[in-house]
Amino acid sequence: MRRTIATVGALAAGAAVLGGCAHTKATGFGNRNAPNEFVVTRNPPLVIPPDFALRPPRPGEPRPQEASPSQQALAAMFGGQAQVSPGQQGLVDQTGGAPEAGIRSEVGSPSTNVVDKGSATKDIIAAPAGNGDNSTATTPQ
């Protein structure tokens, strides 16, 4: 009899504990507001082509009106071609024109001459990664 009461009590306590896990939909197991991981790309809208003499697409070929995922990612990260105001274009013209197309890849090459910025910059770059909770600052007297 005691064993039955203890078992029923343990089951009731377990049900109460598990019932508290999904008390709110936002934090519990029943979270229905989570993002859908299967919706990653957008399909372009269906349109009627103006020329009905188009040849049918070949199986496995990419769609011509759709950008590749890498192009979509680059456009999302860096945006498209920015509009340049006349003032900005004048400034670029006065400084010698637009930079070369591959200038960013040349900067990291070993043959690029760099200026020594001093020991402070080297210390900043060599600092360990972290959120700065244990960092200190001192001023010379």
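So how tilted is helix 69-78 from the main axis of the chain? Cα-based, degrees 0 to 90, rounded to 10. Tilt relative to the chain: about 80 degrees. In the chain, the calculated helix contribution to ellipticity at 222 nm averages -11000 deg cm²/dmol per residue, counting -39,500 (n - 2.57) for every DSSP H run with n ≥ 4.
Size descriptor for the chain, Kirkwood hydrodynamic radius: 25.4 Å (Cα pairs only, one decimal).
Once both labels are positioned 7 Å from their Cα atoms along Cα-to-Cβ, the gap between residue 138 and residue 83 label points is 5.5 nm. Give me the net charge of residue 112's neighbourhood, meaning all other residues with Cβ under 15 Å from the Cβ of residue 112; Lys, Arg count +1, Asp, Glu -1. Once all neighbours under 15 Å are counted, the net charge is -1.
Computed from the coordinates by the stated procedures, all read-outs in this text should not be read as laboratory data. On a predicted model such as this, the values are computed, not experimentally measured, just so you know. Cβ: placed from backbone, ideal geometry, glycine included. Neighbour counts: every protein chain shown.
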